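The values are calculated or read from the model by the stated rules, or taken from the named source; none is laboratory data. The model shown is predicted, which means the values in this text are computed figures rather than measured ones. Cβ sites come from the backbone with ideal geometry, for glycine too, and all protein chains shown count toward neighbours.
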Amino acid sequence: MGSVAESGRRPALGASSPRRDDRGGIIVEFAATVPFLMLALALVWQVLLLGITAMYASHGAAEAARQAAVTPDDMARVDEEARKRVRAPWDGQEVMTVEIAERDGSRVARVTLAMPIFLPGASGPWDVTGEAGVVTEVEPREVAP
């Protein structure tokens with residue numbers, strides 16, 4: 001009796017075939033790689049969120065420094081102008097802080113944003129800070145003689 005190929009007949013169901021069938025192997029391999037692909041995508045997304053947060057911190061600090069140069073005694077106005085440069089949800093009261101600090105004899109505007117974890121608005125344990133130097137145009141009243 002010859003082989004299956006010679007006889008032209010297919011083996012009955014349940015009968016062993018002399019050749020192994022690889023059908024379905026690609027699906028199994030793809031299913032095994034999906035978690036790694038999702039992890040890579042999540043890491044890329046998190047790095048993108050870090051970059052956006054750093055950009056907003058920098059823009060907010062620059063705007064706060066400009067406003068502090070013109071109205072050094074009006075911290076509410078400095079805070080308001082800095083928040084105009086930052087988009088929601090990064091501009092929330094619990095997410096963003098604005099301060100004017102003294103360092104090495106000069107003033108700096110410092111904006112600190114809570115780093116989101118995976119979703120904007122979901123604050124994590126880390127902060128991103130942007131700083132900009134304040135070029136004094138008007139002396140603050142508490143410093144002036």
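Of the residues making up the stretch 99-117, those that are at pLDDT 95 or above and under 30 Å from A42 (Cα atoms) are R110, V111, T112, L113. Look at the stretch 67-83: where a residue is closer than 17 Å to M96 by Cα and free of Cβ contacts under 8 Å to residues at least 40 places away in the same chain and a partner is surrounded by fewer than 20 Cβ atoms within 10 Å (Cβ to Cβ) and aliphatic (A, V, I, L, M), sitting 6+ places away or on another chain with Cβ atoms under 8 Å, you get M75/I100; V78/I100. Taking the stretch 58-78 as the range and being over 14 Å from G130 (Cβ atoms), out of contact with any helix residue (DSSP H, G or I) (no Cβ under 6 Å at 6 or more places or on another chain) and crowded, with 20+ Cβ neighbours inside 10 Å as the test, only P72 passes.
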